[in-house]
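Q: Input: one structure, supplied below.
The values are calculated or read from the model by the stated rules, or taken from the named source; none is laboratory data. Since we're looking at a predicted model, the values are computed, not measured. Don't worry about glycine lacking a Cβ; one is built from the backbone with ideal geometry, like all the others, and counts go over all protein chains shown. Heads up: the accessible areas ignore ligands, DNA and RNA and are worked out on the full protein's heavy atoms, side chains in. Shrake-Rupley method; radii C 1.70, N 1.55, O 1.52, S 1.80 Å.
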Amino acid sequence: MTVSVDALPAPINIDWSRTALLIIDMQRDFLEPGGFGETLGNNVSLLAAAVGPCRAVLDAARAKGILVVHTREGHKTDLSDAPPAKLDRGDPALRIGAPGPMGRILVRGEPGHDIIPALAPLPLEPVIDKPGKGAFFATDLDHVLRNRGIEFLLVCGVTTEVCVHTTVREANDRGYRCIVVGDACASYFPEFHAVGLRMIAAQGGIFGWVSDSAKVTAAMA
Ligand code: TIU
């Protein structure tokens, strides 16, 4: 059975039994001071706006029994999965793997790599550790989703124009129908957030659909 969800560029009929909620990189490294996001020169407080809407969609998805998949951007402790082109950027004291107040920056197992407590995964919710910006690159995400018969992805997280966009583009090319929950995403650059959402829904939905947490949770109720 499908339900119509109000979205841009047009409403979309969603089958919840074939839907996953994909929460992108809601990690301390991006949302809290002292992590990777701040080392890049960003005001990390700008991402806080997405937490409440993410939580609302997460609660609704759990209540409905929808598959919830979390992602985390980060690298192995030996950094063997990090390309030099990614490692070599910025002040060496603040680079990926350098020590910071939340442990080594963007390294798996460190406190900064954790998902923020408000959105902590439950034990049976898949957590995809990814070395890149896109959640399909060098991960088993596609396998996880296909094993569960997933066709629709509700996408939330940070940042809109970087990891959310890269993942939605990858998903769209793989045949998934992506519904980006606009207010449950955020960017260090409000103008990139706004135009990033417009880019998804433009041209008849070139990458997918854009909705918001109120519309999505109402349709799930
Ligand atoms: N998760 C994610 O978006 N990674 C980034 O590096 N984003 C930035 O905006 N820098």
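Q: Per residue of the chain, what 222 nm ellipticity follows from adding -39500 (n - 2.57) for every DSSP H run with n ≥ 4, rounded to the nearest 500? Walk me through the intermediate numbers first.
A: Values: 8 runs with 66 residues, N = 221.
Taking each H run of at least 4 residues, the total per residue is -8000 deg cm²/dmol.
Q: Now a separate question. Would you grab the residues whose amide H sits under 5 Å from the one on L40? Only those 5+ places off in sequence or on another chain, please, with H modelled 1.01 Å from N.
A: none
Q: Using +1 at the Cβ of each Lys and Arg and -1 at the Cβ of each Asp and Glu in the chain, identify which of G35, M102, M220 lies farthest towards the dipole's positive end.
A: Toward the positive end, the furthest listed residue is M220.
Q: Give me the dipole magnitude in Debye, nearest 20, for segment 2-220 about the Cα centre, with unit charges on the beta carbon: positive for Lys and Arg, negative for Asp and Glu. Working shown, then result.
A: Numbers: 21 positive and 25 negative charges, 68 e Å.
So the magnitude is around 320 debye.
Q: Kindly state, to the nearest 0.05, the FRET efficiency for R148 paired with A202, given R0 = 30 Å and r defined as their beta-carbon distance. List each step's numbers first, then the result.
A: Values: r = 30 Å, r/R0 = 1.00.
After rounding, the FRET efficiency stands at 0.50.
Q: Take the Cβ-Cβ distance between V127 and R18 as r, set R0 to 30 Å, and report the resulting FRET efficiency rounded to the nearest 0.05. Numbers along the way, then the final one.
A: Numbers: r = 21 Å, r/R0 = 0.71.
It comes to 0.90.
Q: Report, by chain and number, residues whose modeled amide H sits under 5 Å from the one on I105, excluding near sequence neighbours (fewer than 5 apart, same chain).
A: The list, which skips near neighbours in sequence, is G97, A98, G100.
Q: Now, a different point. Name the residue farthest towards the positive end of the dipole of segment 2-220 from the options A7, P121, A194, assuming +1 on Cβ of Lys and Arg, -1 on Cβ of Asp and Glu, about the Cα centre.
A: A7
Q: Which residues does the label zone of A48 cover in segment 185-209, counting backbone N under 19 Å from a point 7 Å along Cα→Cβ?
A: What the label zone holds, given the 19 Å backbone N cut-off, is 185-191.
Q: Additional query: Over all directions, the average projected area of the alpha-carbon convex hull for segment 2-220 comes to how many nm²? Please list the in-between numbers first.
A: Working: hull surface 44.3 nm².
Directional mean of the projected Cα hull area for segment 2-220 stands at 11.1 nm².
Q: Within segment 1-44, list the residues whose amide N lies under 12 Å from a label point set 7 Å along Cα→Cβ of A120.
A: Counting backbone N atoms under 12 Å from the label point, the list is empty.
Q: Roughly how tilted is helix 51-64, in degrees to the nearest 10 and between 0 and 90, from the longest Cα axis of the chain?
A: That works out to roughly 50 degrees.
Q: Roughly how many Å² of V68 are accessible to a 1.4 Å probe, to the nearest 10?
A: My reading of the accessible area for V68 is about 0 Å².
Q: Order the following by accessible area, largest value first: S17, S213. Probe radius 1.4 Å; ligands, DNA and RNA are ignored. Numbers along the way, then the final one.
A: Numbers: S17 90, S213 15 Å².
Output order, biggest surface exposure first: S17, S213.
Q: Any idea what angle helix 190-205 forms with the longest principal axis of the chain, computed on alpha-carbon atoms, 0 to 90 degrees, nearest 10?
A: The angle comes out near 40 degrees.
Q: Per 0.36 nm of contour for each residue apart, how much would the distance between R174 and M1 grow if the chain were fully extended, relative to their Cα-Cα spacing? All intermediate terms of the calculation are to be shown ahead of the outcome.
A: Numbers: separation 173, 0.36 × 173 = 62.28 nm, distance 2.32 nm.
Full extension of this stretch gives 60.0 nm more.
Q: Quick one: work out the % antiparallel among DSSP beta bridges in the chain, nearest 5.
A: Numbers: 7 of 33 bridges.
Once the DSSP bridges in the chain are tallied, antiparallel ones form about 20 percent.
Q: Using the Karplus equation 6.51 cos²θ - 1.76 cosθ + 1.60 (θ = phi - 60°), what ³J(HN,Hα) coupling, rounded to whole Hz, does each residue of segment 132-137 give in order, writing x for Gly and Pro?
A: Whole-Hz 3J(HN,Hα) from phi for segment 132-137: x, 7, x, 7, 8, 6.
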